[in-house]
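The values are calculated or read from the model by the stated rules, or taken from the named source; none is laboratory data. All values derive from a computational prediction rather than experimental measurement. Every residue, glycine among them, receives a Cβ derived from its backbone with ideal geometry; neighbour counts consider all protein chains shown. SASA here: full protein model, heavy atoms, side chains in, ligands and nucleic acids out. Shrake-Rupley method; radii C 1.70, N 1.55, O 1.52, S 1.80 Å.
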Amino acid sequence: LKLSKKNLGLKTEIMYSLSGVFINEGNLKSAVKLLNRVIKICPKNFYLLKASALNSLGAINNTIGGKKLYQAKNLFKEAYKIAEKYNYQELKTSVLNNWAMNEFKSGNIENAYEKIIPAVNLLKRHSSLGCGAGFYNGARISLLLGYKETAEKILEIGLNTCQVFNDPWSMANIYRGNGILYIEKEELNQAKDFFNQALEI
């Protein structure tokens, strides 16, 4: 970062990467500071970087909760507009998933469902490591609304998608989702088996 002062594009890319390190360390204050700086100074044609920073900052606000949830929603709206305009499909998926969880935390389950279903549909074509969380969220929100068949279909798609990757964290989420599904189906032994598989991972 010290060596990149004369190259604004490189500097903001490094700042964004460093914010991710801070997030993983749990140092949200430093991450927020860097992300706000990235959003403010990144070059105008760095659309993906700006949208990614907006999405990451929104995700942090989701974690903090309270009044920050309203700020997060506005960040997701702005990030989604950029991602849609420039056809960043993987980013759209991430933004929609985070936005759905924002609505979920705000108590707006129907709105959360409206966001998570398009995210799940995008995940079929633009899956990546860690995508099991999106399928889990889709199933959980569907079950809260009583849509058992939708939840089952989402988890089936998730299983087929995540098995392609060597991604145990995603598989743990799929198994956990199936555990919740089978509780709703009142098949408790199968639910227990799925939870045990998740715990083993």
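Report whether or not Y113 is within 29 Å of F76 (Cα to Cα), of a type outside the set (K, R), modelled with pLDDT of 95 or more and open to solvent by less than 80 Å² (accessible area, probe 1.4 Å).
Answer is yes for this residue.
For the subset of the range 2-17 comprising residues that are over 21 Å from I82 (Cβ atoms) and of a type in the set (D, E, K, R), which member is least open to solvent (accessible area, probe 1.4 Å)? Steps first, answer last, please.
We begin by selecting, within the range 2-17, every residue over 21 Å from I82 (Cβ atoms); these are 2-7.
Next cut, of a type in the set (D, E, K, R) only: 2, 5-6.
On the way: K2: 179, K5: 149, K6: 208 Å².
Selected residue: K5.
Which one is modelled with the lowest pLDDT among residues in the range 18-39 that are more than 19 Å from K68 (Cα to Cα) and exposed (fewer than 12 other Cβ atoms within 10 Å of the Cβ)?
Here the answer is N24.
Out of the range 128-148, which residues are surrounded by 23 or more Cβ atoms within 10 Å (Cβ to Cβ) and more than 12 Å from I174 (Cβ to Cβ)?
I141, S142
Give all pairs with beta carbons closer than 8 Å in which a residue from the range 79-95 that is in contact (Cβ under 8 Å) with a residue 12 or more places away in the chain meets a residue that is open to solvent by 80 Å² or more (accessible area, probe 1.4 Å) and among the charged types (D, E, K, R); count only pairs at least 6 apart in sequence or on separate chains.
Listed pairs, sorted by first residue: Q89/R125; K92/E84.
For the range 40-72, enumerate the residues that are outside any helix (DSSP H, G or I) and out of contact with any Gly (no Cβ under 7 Å at 6 or more places or on another chain).
C42, K44, N45, G65, G66, K67
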